[in-house]
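Undergrad: Take this structure, written in structure tokens, and hold onto it; I'll ask about it next.
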Amino acid sequence: MRAVLAASRPFSWINTAYPFAAGYLVATGGRVDVALVVGTLYFLVPYNLLMYGVNDVFDYASDLRNPRKGGIEGALADPATARVTHRRILRACVATNVPFLVALLLLGDPLAGVVLALVVLGVVAYSAPGLRFKERPFLDSFTSAMHFAGPLLYALVLVDADLAARSVWPVLVGFVLWGMASHAFGAVQDVRADREGGIASVATAVGAHATVLGAAAAYVAAAAVLAVLPWPGVLAALLPIPYAVNVLRFRDVRDDDCERANAGWRTFLWLNLVTGFLVTMLLIAGALV
């Protein structure tokens, strides 16, 4: 049970549940109902177990060679019991996801069901053999971004929100840009390990230095898009800037010392908590206005 829980990355649960719950509450004016509760619970634990558990199982061979795995940045099963542990993880993914997905499909209309199906498919396709979106440069970053922007998009479609509204589309676009930048920067620290393991990524394709600069540019682009939001949402344009500053600390990193970027990645993990708090304050301010 402990190995299954570790595979779900408890530290990151809030990163997917929050976008769904916040999007749902804001779009409905604070409505609390069954769909909100079921969706939030799903994106809190089962969704994360599916996302990270499938990844842990099918990336195990390369993870064994990656020194940063085995802690907050990724669970790593004991080699002596790995096969048993991996079976338990996959069974737990099915057992926890199917009931919630069935419930959500019944609670939403067909369009919401299609969006949910695409979001979940993206999670599986990222790591599953035969698809392995994570090994398709640039598609890997977009798919990873949708792991987090997807729950927000699903919440908005579920409540029939106007996605073209000035208060909505910049958030979606900015969130995707932020997610792509974050994934790309996260891949920098693994350039050498991924190449040795025969795994492709946006960072192995263009190199550590170019990826760092591209990630910083994407964060700045996210800020520019968020600047279109009406007051006080426009203040969200400030939030990607610390991420860009953090990334640019490693602008001189190269492939042969890519592991140095891990310090920036650890800063990123804690920066997310601060950003989450500030987003909450903005949502409260927006509700008061």
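The values are calculated or read from the model by the stated rules, or taken from the named source; none is laboratory data. The shown structure was predicted, so the numbers you read here are calculated from the model rather than taken from an experiment. Cβ: placed from backbone, ideal geometry, glycine included. Neighbour counts: every protein chain shown. Ligands, DNA and RNA are stripped out before the accessible areas are found, and what is left, the full protein with its side chains, is counted by its heavy atoms. Shrake-Rupley method; radii C 1.70, N 1.55, O 1.52, S 1.80 Å.
Undergrad: Kindly identify region 162-288 as rounded, prolate or oblate by the Cα gyration tensor criterion: order the square roots of the eigenvalues as a ≥ b ≥ c, call it rounded if a/c is under 1.5, otherwise compare a/b with b/c, prolate if a/b is larger, else oblate.
TA: Taking the square roots of the gyration eigenvalues as a ≥ b ≥ c, region 162-288 is prolate.
Undergrad: Moving to a separate point now. Find which of A27, G286, A181 sits farthest along the positive direction of the dipole of the chain, computed with +1 on the beta-carbon of Lys and Arg, -1 on that of Asp and Glu, about the Cα centre.
TA: Most positive-ward Cα: A181.
Undergrad: Report the one residue of A217, T275, F250 whose Cα lies farthest in the direction of the positive end of the charge dipole of region 162-288 (charges on C-beta: Lys and Arg +1, Asp and Glu -1; origin at the Cα centre).
TA: Result: T275, furthest along the dipole toward the positive end.
Undergrad: Using a 1.4 Å probe over the heavy atoms of the protein chains, calculate the carbon and sulfur portion of the accessible area of the chain as a whole percent.
TA: 71 percent
Undergrad: Evaluate the distance, in nm, between pseudo-label points positioned 7 Å from the Cα of A227 and of R195 along their respective Cα→Cβ axes.
TA: 3.6 nm
Undergrad: Further question on the same structure: For the chain, what is the calculated [θ] at 222 nm in deg cm²/dmol (nearest 500), taking -39500 (n - 2.57) for each run of four or more DSSP H residues and dividing by its residue count?
TA: One gets -22500 deg cm²/dmol as the mean residue ellipticity at 222 nm.
Undergrad: Hey, in the GNM for the chain with a 10 angstrom Cα cutoff, which one of L158, L49, L235 fluctuates hardest?
TA: So, out of L158, L49, L235, the one fluctuating most is L235.
Undergrad: Check each of the trypsin sites (Lys or Arg not before Pro) in region 90-195 and keep only those in coil by DSSP with at most 12 other C-beta atoms within 10 angstrom; list them in order.
TA: Hits after loop and neighbour filter: R166.
Undergrad: Can you compute the charge dipole magnitude of region 162-288 about its Cα centre, using +1 on each Lys and Arg Cβ and -1 on each Asp and Glu Cβ, nothing else charged? Give it in debye, rounded to the nearest 20.
TA: 280 debye
Undergrad: Right, next: Using +1 on the beta carbon of Lys and Arg, -1 on that of Asp and Glu, and nothing else charged, what's the dipole of the chain about the Cα centre, debye to 20?
TA: Magnitude of the dipole: close to 400 debye.
Undergrad: Next question. Applying 1/(1 + (r/R0)^6) with R0 = 22 Å to the Cβ-Cβ distance of D160 and L118, what FRET efficiency is obtained, to the nearest 0.05?
TA: Calculated value: 0.80.
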